[in-house]
Every structure is written in structure tokens, then in C-alpha cells.
Amino acid sequence: MGRIIPGIIADRFLGPLNTIIPFTSGCAILLYCWVAVDSTAGVYVFACVYGFVAAGVQSLWPAGLSSLTLDLKKAGVRIGMGFTLVSIACLTGPPLGGALINADHGDYIYAQAWAASSLVLGTLILIIARWARIGFRVERI
């Protein structure tokens, strides 16, 4: 559902870039809230809610990137470059997370804060990209 519902919202109402920005900020907020989860039931609830929101980010990312491209002949190359950058994050993320957990003596707080802060930075980059593309106008993009 987390990959389908955001796509429907993006297609029918807001556009992919306008839809991914609140989902990305929601992911960041949820990751900061993850620090407060201290029970098994809380982990299940967190996993369900975060899974829904994170799936929206993951599914809207290529569409949001292509919505920034005016020349459709360049869309494939730009999406390929974007996925190349993401592959670097996927390669370095797990060792970095492990190092942060080791630095915190087995606790996850450093890794959780790093993940949330990374998503805040990603949200800011998406906002800047939207602003660079159309300014502050209310427009579907």
C-alpha cells in the first residue's frame, strides 16, 4: 500500500515532487521518533508506519527525478546518474551504521540520529530542487 497510495496521490493531485517532499520529511520525523520506541509492540507499530512512508519515498524517487527534467531525451541518463549516487549510499550505509552502533556500545541512537539527519538533508535538497525548477508557485510538479 505504501508504494501504491503515494503514486495515486502524485498522479491525480500533486505531482511526484510535491508528493515526495512530505513523505521524506515524514520519514525523518519517524526516524527521530524511533529513539523513543522501547517495547515490542512499539517496534511493530513503528515498522508498519515507517514502512508505509518509506515505501512512498522509494517508489516516488525516480518519478520525482524525471519530473525535474524538461528534455525527456535526458531523463534516462539523469535517472541512471541518480541511481549511481544511491548505489554509493547503499554500499557505504551498512558499514557506517555498524560503526555508529559500535561507537555507541551496541545502542542504536547514533545510527538512528544519522539516518534521520540524512533524510532531513535529503528533504532540504528536494525542496531546493523544486524551488530551482518552478520557484515558490503552487504548481503540480
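The values are calculated or read from the model by the stated rules, or taken from the named source; none is laboratory data. In this text, all values refer to a predicted model and were calculated from it rather than measured experimentally. Here the Cβ positions follow ideal geometry from the backbone for every residue, glycine too, while neighbour counts run over all protein chains shown.
The residue that is nearest to the chain's Cα centre (by Cα), among those in segment 9-42 that are among the polar types (S, T, N, Q) and buried (at least 18 other Cβ atoms within 10 Å of the Cβ), is 24.
Kindly check whether there is at least one residue in segment 1-8 that is out of contact with any Leu (no Cβ under 9 Å at 6 or more places or on another chain), crowded, with 19+ Cβ neighbours inside 10 Å, not β-branched (Val, Ile, Thr) and not in a helix (DSSP H, G or I). Scanning segment 1-8, I find at least one residue that is out of contact with any Leu (no Cβ under 9 Å at 6 or more places or on another chain), crowded, with 19+ Cβ neighbours inside 10 Å, not β-branched (Val, Ile, Thr) and not in a helix (DSSP H, G or I), so the answer is yes. Just to be sure before I move on: is residue 43 touching a residue at least 24 places away in the same chain (Cβ under 8 Å), farther than 28 Å from residue 11 by Cα and of a type in the set (A, V, I, L, M) in the structure I sent? Against the criterion (touching a residue at least 24 places away in the same chain (Cβ under 8 Å), farther than 28 Å from residue 11 by Cα and of a type in the set (A, V, I, L, M)), residue 43 does not qualify.
Please tell me if residue 99 is modelled with pLDDT of 95 or more and touching a Phe, Trp or Tyr at 6+ places or on another chain (Cβ under 7 Å). Criteria not met by residue 99. Screening segment 73-114 for residues that are part of a loop (DSSP other than H, G, I, E, B) and not aromatic (Phe, Trp, Tyr) and picking the one that is farthest from the chain's Cα centre (by Cα) gives 105. A search for C-beta distances below 6 Å between a residue of segment 58-69 that is within 13 Å of residue 141 (Cα to Cα) and any residue that is outside any helix (DSSP H, G or I), counting only pairs 6+ apart in sequence or on different chains, returns 67/141.
Exactly one residue out of 119, 96, 100, 65 is surrounded by fewer than 16 Cβ atoms within 10 Å (Cβ to Cβ) and of a type in the set (A, V, I, L, M, F, W, C), and it is 96. Scan segment 127-141 for residues that are surrounded by 16 or more Cβ atoms within 10 Å (Cβ to Cβ) and either modelled with pLDDT of 95 or more or not in a helix (DSSP H, G or I) (or both) and the total you get is 1. Can residue 63 be described as part of a helix (DSSP H, G or I), within 27 Å of residue 1 (Cα to Cα), over 18 Å from the mean Cα position of the chain (by Cα) and aliphatic (A, V, I, L, M)? In short, no.
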